[in-house]
Amino acid sequence: MTLPGSPFLAYRGQDLFLDDVRLRDLTQQHGTPLYVYSKRAMLAALAPYQKALQGRAHLVCYAVKANSNLAVLQTFAQAGCGFDIVSEGELARVLAAGGSASKVVFSGVGKTRSEMATALKAGVKCFNVESTAELEVLSQVASGLGQTAHISLRVNPDVDAGTHPYISTGLKGNKFGVAHEEALATYKRAAALPGIHVAGIDCHIGSQITEIAPYLDALDRVLDLVESIEAAGITVHHMDLGGGLGITYTDETPPGADELIAQLLAKIDARGHGQREILFEPGRSLVGNAGVLLTEVMFLKPGSQKNFCVVDAAMNDLMRPALYEAYMGIVNTQLRTDAPATWDVVGPVCESGDWLGRDRSLTVQAGDVLAVLSAGAYGMTMSSNYNTRGRAAELMVDGATVHVIRSRETVQDLIRHDHLLPN
């Protein structure tokens, strides 16, 4: 059976393995629901980025929001990556995992004064500023601390990335960034503000992008702006081209990172900008296909209109299907020879939106363990405690070695911060 995504996930005989570990064995020891990631798959996904940028001034900044487990961040820090963060909490995670603040870019439309101050004191590389109002506040905070905030403006190029509306970020109707036509004036304002140093320009047009053309269109608009900005006497040291490269969930055929970068660099060189430092912010493309969510089949519930396969993972464990109607592959970790049936794979949460997959052809019995594929990105990071359900444990495999990288939450963990009223 051909599985989407990582070559590190494959059947050996009747059993599904990630690296050299039989997945069903992990659930017997660690329970379900259970997230499992391959360290080798993550590093293999990073390699094309690093190889394509070799010999250039560059920084690959892993987008922490995709999967913020400390062991995942540690893996990328040790591989030489920087980090793209969107909160003070993510900065704390990066530092706890051994990452360097000097390799951190701070994105996000709603940075608080406290977050700005914390990031300045830590010494982050750059703030990706997303509005004139944010720029003014950052100037105040930096000046008050006697610090200088190195900034790039996140420019909204009004380019359609052809992705889901919830993860599109580069159109005029999106909340992100400074409008292309306002960018030059905003750069002039930035150059005049105390506590602000213009370092670069940033552009991020969306997520799960499967074509190169939108990147090239956005880059043309970014380069036009760079030339206008420098003509106004403001130096642009780096260009942050964002992330958003898609992965294969079912039949998508996204370009390889090396192919994408080669075409972007060719355009950059052709227009005479090859001397600038280049930043990328990949997230999903580094971790998405490196992980699976394992879940046990609790009950089979055949019906006159629908057959329901009830599992112990739910929308609180994996939000993408409920939030985006996202398709994620679902397979049995143990191949069976009887005839398949069509099932809706659903969880125990009290919502009709609690489903992981609809109309799936599966050969399955109660007690089987299913694997939800391509679950390494926006799985655990978007999980919640809805219905007072503890979040899943997380494991990382490296060949035949298994590491527990997050313990399963208990009910005591969930109620620890609640307080009863006095009698």
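The values are calculated or read from the model by the stated rules, or taken from the named source; none is laboratory data. What you see is a predicted model; the values in this text were computed from it and never measured. Ideal geometry is used to build each Cβ from the backbone, glycine not excepted, and the neighbour counts take in all protein chains shown.
If the condition is being over 19 Å from V292 (Cα atoms), assigned to a strand (DSSP E or B) and β-branched (V, I, T), then the range 338-357 contributes only T342. Just one of the listed residues (V155, V109) is of a type outside the set (D, E), within 25 Å of the chain's Cα centre (by Cα), modelled with pLDDT under 95 and in a loop (DSSP other than H, G, I, E, B), and it is V109.
Out of all the residues in the range 28-39, is one or more assigned to a strand (DSSP E or B) and free of Cβ contacts under 8 Å to residues at least 40 places away in the same chain? No, the range 28-39 contains no residue that is assigned to a strand (DSSP E or B) and free of Cβ contacts under 8 Å to residues at least 40 places away in the same chain.
Going by the conditions given, is T75 in a helix (DSSP H, G or I), under 24 Å from R408 (Cβ atoms) and of a type in the set (S, T, N, Q)? So T75 passes the test. Looking only at the range 299-313, decide whether some residue is among the aliphatic types (A, V, I, L, M) and either in contact with a helix residue (DSSP H, G or I) (Cβ under 9 Å, 6 or more places away or on another chain) or assigned by TED's automatic domain parsing to the domain that holds T253 (or both). Looking through the range 299-313, none of the residues is among the aliphatic types (A, V, I, L, M) and either in contact with a helix residue (DSSP H, G or I) (Cβ under 9 Å, 6 or more places away or on another chain) or assigned by TED's automatic domain parsing to the domain that holds T253 (or both).
Could you grab me the full set of residues in the range 96-111 that are small (G, A, S) and either more than 16 Å from V155 (Cα to Cα) or in contact with a strand residue (DSSP E or B) (Cβ under 7 Å, 6 or more places away or on another chain) (or both)? Break it down stepwise before answering.
Filtering the range 96-111 down to residues small (G, A, S) leaves 96-102, 107-108, 110.
Result: A96, A97, G98, G99, S100, A101, S102, S107.
Would you call N387 polar (S, T, N, Q), part of a helix (DSSP H, G or I) and either surrounded by 12 or more Cβ atoms within 10 Å (Cβ to Cβ) or at pLDDT below 95 (or both)? Break it down into steps so the answer makes sense when it comes.
Details: polar (S, T, N, Q): yes; part of a helix (DSSP H, G or I): yes; either surrounded by 12 or more Cβ atoms within 10 Å (Cβ to Cβ) or at pLDDT below 95 (or both): yes.
So N387 passes the test.
The set of residues in the range 274-293 that are over 20 Å from the mean Cα position of the chain (by Cα) and not in a strand (DSSP E or B) comprises G274, Q275, R276.
Mind telling me which of the residues E296, E227 ends up being farther than 30 Å from G367 by Cα, at pLDDT 95 or above and over 20 Å from the mean Cα position of the chain (by Cα)? Please lay out each step first, then the result.
Numbers: E296 fails: farther than 30 Å from G367 by Cα.
Result of the check over E296, E227: E227.
In the range 212-230 there is no residue matching the filter, namely being touching a residue at least 60 places away in the same chain (Cβ under 8 Å), assigned to a loop (DSSP other than H, G, I, E, B) and either among the aromatic types (F, W, Y) or in contact with a Phe, Trp or Tyr (Cβ under 9 Å, 6 or more places away or on another chain) (or both). Pull up the range 284-310, narrow it to residues that are small (G, A, S) and crowded, with 24+ Cβ neighbours inside 10 Å, then point me to the one that is farthest from D25 (Cα to Cα). The extreme case among them is S285. Just one of (1) over 24 Å from M42 (Cβ atoms); (2) at pLDDT 95 or above trips up Y62, so point out which. (1) is the only condition that Y62 fails. Can you confirm whether the range 31-40 contains a residue that is surrounded by fewer than 23 Cβ atoms within 10 Å (Cβ to Cβ) and more than 23 Å from V402 (Cα to Cα)? Among the residues of the range 31-40, not one is surrounded by fewer than 23 Cβ atoms within 10 Å (Cβ to Cβ) and more than 23 Å from V402 (Cα to Cα), which makes the answer no. Cβ-Cβ distances below 7 Å connect the following pairs, each with a first residue in the range 78-104 that is outside the structural domain of G242 (by TED's automatic domain parsing) and in a loop (DSSP other than H, G, I, E, B), a second residue that is at pLDDT below 95 and not hydroxyl-bearing (S, T, Y), and a separation of six or more residues or different chains: V86/G108; S87/G108.
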